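The values are calculated or read from the model by the stated rules, or taken from the named source; none is laboratory data. No experiment lies behind these values; they were computed from the predicted model shown. In this analysis, Cβ positions are derived from the backbone assuming ideal geometry, glycine residues included, and neighbour counts consider all displayed protein chains.
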Amino acid sequence: MLDTGEKHRIGRVRPLIKELPTIVIDHHPMGEEPLEGVSFRAPDASATGELVFDILSVAGWAWTEEALRGIYVAILTDTGGFRFSNTTAVCHQVVGELIARGVQPEAMYREVFGTLSLRRVQLLMHSLSQLEVDEEAGVAWMTIPSKEYEELGAVPDDLENLVDYPRSISGVKVALLFREIRPNATKISFRSNGPVDVNALAGEFGGGGHVRAAGALVEGSVENVRIEVVAATRRASMSVGSPSGTESQE
């Protein structure tokens, strides 16, 4: 299991592996329901890809283009293009080795961040119309409109980084993104600009992640879940100081 080590986070996969020996490779903080088995966890790593790089390096792996590109993309995305606070000196050392082995940063950036489908731009346009901000509490949230999501034929990948729009508003401490993934089931993305621990906040709703980036899946309509989550976020935000910037550990 890579990039998660919690029983409740692997969903329908869990029954399929319950009789199998398990190895967990993860850079998230350990939660209350960790998967059993061999565990290689390092919350100070920039990405799970960094840990995979360590394992393959020690094993004397014969590097392939697919492995190099995969590990680079894992680190690139988990550090937000090397701009979040989990971008460490070790992270840059690993990336330096990947580049020395043939990875091309410009091509990787263009493939991952530099190309958008028209569908995604249209979804963003509709979603921004759902943007709400509580300036006093320093909380901003956006809801993905289900009707337009379906009509555009959007997929979960189209939601990548949309939460950064409310997050980038000056004075915002916590940003939220809501999407009803099926009737009475709402997914929430939490992002913090510094002072609020959104891992703890998401934990109140059965989720988790990092201190500055987390998620949760909550039973209930998006309208009801949004009221409850925004209220809890307001309380958490009002109890801390001003945001320290826009960096984040994903």
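Quick one: residue 35 ticks every box in (1) over 21 Å from residue 91 (Cα atoms); (2) surrounded by fewer than 16 Cβ atoms within 10 Å (Cβ to Cβ) bar one, so which box is it?
The single condition residue 35 does not satisfy is (2).
Any residue in the range 140-161 that is outside any helix (DSSP H, G or I), over 30 Å from residue 222 (Cβ atoms), at pLDDT 95 or above and not aliphatic (A, V, I, L, M)? Spell out how you get there, then give the answer.
Here is the first cut: in the range 140-161, the residues outside any helix (DSSP H, G or I) are 140-145, 153-155, 160-161.
Pick out the ones that are also over 30 Å from residue 222 (Cβ atoms) and you get none.
No - not one qualifying residue is present in the range 140-161.
Across the range 74-90, which residue is nearest to the chain's Cα centre (by Cα) among those that are hydrophobic (A, V, I, L, M, F, W, C) and surrounded by fewer than 20 Cβ atoms within 10 Å (Cβ to Cβ)?
First, the residues of the range 74-90 that are hydrophobic (A, V, I, L, M, F, W, C): 74-76, 82, 84, 89-90.
Next, only the ones that are surrounded by fewer than 20 Cβ atoms within 10 Å (Cβ to Cβ) stay: 82, 84, 89-90.
Details: 82: 14, 84: 12, 89: 21, 90: 21 Å.
The selected residue is 84.
Inspect the range 9-20 for any residue being at pLDDT 95 or above, surrounded by 12 or more Cβ atoms within 10 Å (Cβ to Cβ) and not polar (S, T, N, Q) and give the result as yes or no. Before you say what the answer is, go through the steps one by one.
Narrowing the range 9-20 to residues at pLDDT 95 or above: none.
For the range 9-20, residues at pLDDT 95 or above, surrounded by 12 or more Cβ atoms within 10 Å (Cβ to Cβ) and not polar (S, T, N, Q): absent.
Going through 167, 179, 226 one at a time, which residue ends up being under 21 Å from residue 86 (Cβ atoms) and touching a residue at least 12 places away in the same chain (Cβ under 8 Å)? Even if it seems obvious, please write down each step before you answer.
Details: 179 fails: under 21 Å from residue 86 (Cβ atoms); 226 fails: under 21 Å from residue 86 (Cβ atoms).
None of the other options fit; the residue is 167.
Restricting to the range 194-229, and then to whatever is surrounded by 23 or more Cβ atoms within 10 Å (Cβ to Cβ) and in a loop (DSSP other than H, G, I, E, B), can you tell me which residue is modelled with the lowest pLDDT?
If we take residues in the range 194-229 being surrounded by 23 or more Cβ atoms within 10 Å (Cβ to Cβ) and in a loop (DSSP other than H, G, I, E, B), then 210 is modelled with the lowest pLDDT.
List the number of the failed condition for residue 164; all other conditions in (1) within 24 Å of residue 10 (Cβ to Cβ); (2) under 19 Å from the mean Cα position of the chain (by Cα) hold.
In the conditions (1) within 24 Å of residue 10 (Cβ to Cβ); (2) under 19 Å from the mean Cα position of the chain (by Cα), residue 164 misses (1) alone.
Mind listing just one residue for me: the one in the range 43-61 that is free of Cβ contacts under 8 Å to residues at least 40 places away in the same chain and in contact with a strand residue (DSSP E or B) (Cβ under 8 Å, 6 or more places away or on another chain) and, of those, farthest from residue 212 (Cα to Cα)?
Across the range 43-61, the extreme among qualifying residues is 55.
Are there any pairs, at least 6 apart or on different chains, whose C-beta atoms fall under 6 Å, with the first in the range 76-104 and more than 22 Å from residue 114 (Cβ to Cβ) and the second surrounded by fewer than 19 Cβ atoms within 10 Å (Cβ to Cβ) and of a type in the set (D, E, K, R), and if so, which?
85/247
Within the range 84-105, can you find the residues that are closer than 17 Å to residue 27 by Cβ and not in a helix (DSSP H, G or I)?
Of everything in the range 84-105, those that are closer than 17 Å to residue 27 by Cβ and not in a helix (DSSP H, G or I) turn out to be 84, 85, 86, 87, 88.
Going through 98, 118 one at a time, which residue ends up being surrounded by 12 or more Cβ atoms within 10 Å (Cβ to Cβ), more than 21 Å from the chain's Cα centre (by Cα) and not aromatic (Phe, Trp, Tyr)? Write out each step before concluding.
Numbers: 118 fails: surrounded by 12 or more Cβ atoms within 10 Å (Cβ to Cβ).
Among 98, 118, only 98 is surrounded by 12 or more Cβ atoms within 10 Å (Cβ to Cβ), more than 21 Å from the chain's Cα centre (by Cα) and not aromatic (Phe, Trp, Tyr).
State which residue pairs qualify: first residue closer than 14 Å to residue 237 by Cβ and inside the range 126-142, second residue hydroxyl-bearing (Ser, Thr, Tyr) in any location, beta carbons under 7 Å apart, and separation of 6 or more residues or different chains.
137/237; 138/237; 139/233; 139/237
Kindly indicate whether any position in the range 39-47 is surrounded by fewer than 20 Cβ atoms within 10 Å (Cβ to Cβ), within 23 Å of residue 206 (Cβ to Cβ), within 16 Å of the chain's Cα centre (by Cα) and not aromatic (Phe, Trp, Tyr). Steps first, please.
Taking the range 39-47 first, the residues surrounded by fewer than 20 Cβ atoms within 10 Å (Cβ to Cβ) are 39-44.
Cutting the leftovers down to within 23 Å of residue 206 (Cβ to Cβ) gives us 39, 41, 43.
Next, only the ones that are within 16 Å of the chain's Cα centre (by Cα) stay: 43.
Imposing the further condition that a residue be not aromatic (Phe, Trp, Tyr) reduces the set to 43.
Among the residues of the range 39-47, at least one is surrounded by fewer than 20 Cβ atoms within 10 Å (Cβ to Cβ), within 23 Å of residue 206 (Cβ to Cβ), within 16 Å of the chain's Cα centre (by Cα) and not aromatic (Phe, Trp, Tyr), which makes the answer yes.
Quick test for you: out of 160, 135, pick the one residue that is farther than 24 Å from residue 111 by Cα and in the same structural domain as residue 224 (by TED's automatic domain parsing). Step through it out loud before you land on a result.
Numbers: 160 fails: farther than 24 Å from residue 111 by Cα.
Going through 160, 135 in turn, just one is farther than 24 Å from residue 111 by Cα and in the same structural domain as residue 224 (by TED's automatic domain parsing): 135.
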